[in-house]
1. Within region 26-75, can you find the residues that are touching a Gly at 6+ places or on another chain (Cβ under 7 Å) and either among the small types (Gly, Ala, Ser) or under 21 Å from HIS14 (Cα atoms) (or both)?
2. Considering only residues that are among the polar types (S, T, N, Q) and in contact with a Phe, Trp or Tyr (Cβ under 7 Å, 6 or more places away or on another chain), which ones fall in region 1-45?
3. Looking only at residues in region 38-76 that are assigned to a loop (DSSP other than H, G, I, E, B), more than 16 Å from the chain's Cα centre (by Cα) and not basic (Lys, Arg), which one is modelled with the lowest pLDDT?
4. Pull up region 1-14, narrow it to residues that are surrounded by 13 or more Cβ atoms within 10 Å (Cβ to Cβ) and over 18 Å from VAL67 (Cβ atoms), then point me to the one that is nearest to the chain's Cα centre (by Cα).
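The values are calculated or read from the model by the stated rules, or taken from the named source; none is laboratory data. Everything quoted here is computed from the prediction, not taken from an experiment. We place every Cβ from the backbone using ideal geometry, glycine too, and count neighbours over all the protein chains shown.
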Amino acid sequence: MLFIADALHTQTGHADEVTARRAHLLVQVKGNQPTLFKQLKRLPWAQIPVGDRTRERGHGRRETRTVKAGVRPVDRSGASSWSR
């Protein structure tokens, strides 16, 4: 099962609840989550393929939205290698 949510749901409690149910979570990460944002900025994004990209014009601006998804790294002990 996959849950897709906006940045409002980019919270540890929500992620814990979804993964406890053996599901996946796809969220937006913005600057209001500085620790997670920094961790994600360090990932090798150039090596991760684009899943989808849309370009739109409206309201006096152009927007490009790009979706890339990766798997959260897990070490051999089964613990997450991303700190909280």
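1. Matches in region 26-75: PHE37, VAL67, LYS68, ALA69.
2. Residue satisfying the conditions is GLN39 alone.
3. ASP75
4. Looking at the filtered set, the residue picked out is GLN11.
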